[in-house]
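The values are calculated or read from the model by the stated rules, or taken from the named source; none is laboratory data. Keep in mind the model is a prediction, meaning the values are calculated, not measured. No Cβ is skipped: glycine too gets one built from the backbone with ideal geometry, and neighbour counts run over all protein chains shown. Just so you know, the surface numbers come from the protein's heavy atoms only, side chains and all, with ligands and any DNA or RNA stripped out. Shrake-Rupley method; radii C 1.70, N 1.55, O 1.52, S 1.80 Å.
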Amino acid sequence: MRLAAVLLALILSAAPAAAAERVAIAGGDLTEIAFALGAGDRVVAVDSTSTTPEAASLLPQMGYLRRLSPEGVLSSAPDLLIAAPDAGPPSALERIAAAGVEVALSPEADAPGRVPEKIAFMGRVLGREAAAEALAARYRADLAAAQVEAARLDGRPRALFVLTIDAGAPLVAGRGTSADAMLAAAGAENAAAALEGWKPMSREALIGAAPEAIVMMTGHAERVGGLDAVLARPDVALTPAGRDGRAVALDGSLLLGFGPRTPEAVVALARALRGDDAPREARAEP
């Protein structure tokens with residue numbers, strides 16, 4: 001339970017939300033949805049994960065969504081703060097609400113099929129229900145088409161999603177994670193399905209998992225010298241992925257953002273895993 005943050009989360013009715021003319025958003029997926037619903041002109045501040053669309057990246061920044069400061073949020077004088085379910089800390093949300101700002105936390109929907117839940121939530125809190133229904137319908141159609149594309153994969157490649165990898169054991173995505181859901185949507189088998197949640201993977205376990213492909217977010221791959229450096233690690237080099245030089249890096253907000261662009265992410269990942277018309281370090285444009 002998120003203590004005060006949960007108590008402060010107001011799943012708002014259309015009436016009070018529609019009156020909110022100055023909206024702050026903490027969560028890149030939520031920001032994308034707000035702009036897609038035509039409410040971008042009401043957004044006065046965003047967090048550091050809100051980089052798409054370009055207009056959002058030019059707005060005043062409130063910092064990282066899990067480390068919000070009341071001063072940073074309140075400096076833009078919002079009427080409403082819409083935040084991801086893991087936004088915080090709770091003490092900051094308490095102070096923001098005490099200052100008279102309504103706080104609404106989005107539902108947890110970190111899987112491609114659950115994005116319409118977030119779209120409906122945003123439509124409700126922004127008073128854009130009709131636009132949300134239309135956006136959700138387009139999203140469902142786009143996701144269905146993306147999964148048809150993913151089904152063209154030759155078999156189900158065993159892919160290992162690596163969140164971070166440095167001198168120690170890599171942190172990988174087991175079953176039940178957002179990355180596990182994305183791998184499944186792209187037609188891949190999670191090589192770390194024996195694990196649950198985000199877990200470090202030992203050298204022996206990594207080699208035994210025998211991934212045929214390594215999947216990472218571009219920023220994390222770059223921090224350790226790129227995919228070539230990852231594939232050259234002694235543990236990774238002994239896997240089919242290492243021997244075949246098979247790895248892909250995609251923009252993190254696209255890959256795990258679970259917003260309107262998720263069907264695009266499914267197609268990009270499926271194509272990269274299949275090797276069709278995609279460089280190894282695939283960088284899908286927003």
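Data for the structure
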read-out: Lone unmet requirement of (1) more than 28 Å from Arg140 (Cα to Cα); (2) open to solvent by less than 60 Å² (accessible area, probe 1.4 Å) for Ala268; value: (1)
read-out: Only one of Ile33, Ile25 that is under 24 Å from Asp142 (Cβ atoms), hydrophobic (A, V, I, L, M, F, W, C), outside any loop (DSSP other than H, G, I, E, B) and touching a Lys or Arg at 6+ places or on another chain (Cβ under 7 Å); value: Ile33
read-out: Check on Ile96, open to solvent by less than 60 Å² (accessible area, probe 1.4 Å), within 23 Å of Leu255 (Cα to Cα) and in contact with a helix residue (DSSP H, G or I) (Cβ under 7 Å, 6 or more places away or on another chain); value: no
read-out: Single residue of segment 53-96 satisfying the filter (part of a helix (DSSP H, G or I), within 17 Å of the chain's Cα centre (by Cα) and hydrophobic (A, V, I, L, M, F, W, C)) that is nearest to Gly257 (Cα to Cα); value: Leu65
read-out: Complete set of residues in segment 245-259 that are more than 10 Å from the chain's Cα centre (by Cα) and buried (at least 23 other Cβ atoms within 10 Å of the Cβ); value: Ala247, Val248, Ala249, Leu250
read-out: Every residue from segment 204-244 that is open to solvent by less than 30 Å² (accessible area, probe 1.4 Å), farther than 13 Å from Ile165 by Cβ, assigned to a helix (DSSP H, G or I) and hydrophobic (A, V, I, L, M, F, W, C); value: Ala209
read-out: Residue within segment 214-223 that is farther than 21 Å from Gly155 by Cα, of a type in the set (Gly, Ala, Ser), at pLDDT below 95 and within 15 Å of the chain's Cα centre (by Cα) present; value: yes
read-out: Enumerated strands (runs of 3 or more DSSP E) restricted to segment 113-202, each holding at least 3 residues that are touching a strand residue (DSSP E or B) at 6+ places or on another chain (Cβ under 7 Å) and open to solvent by 20 Å² or more (accessible area, probe 1.4 Å); value: 158-164, 198-200
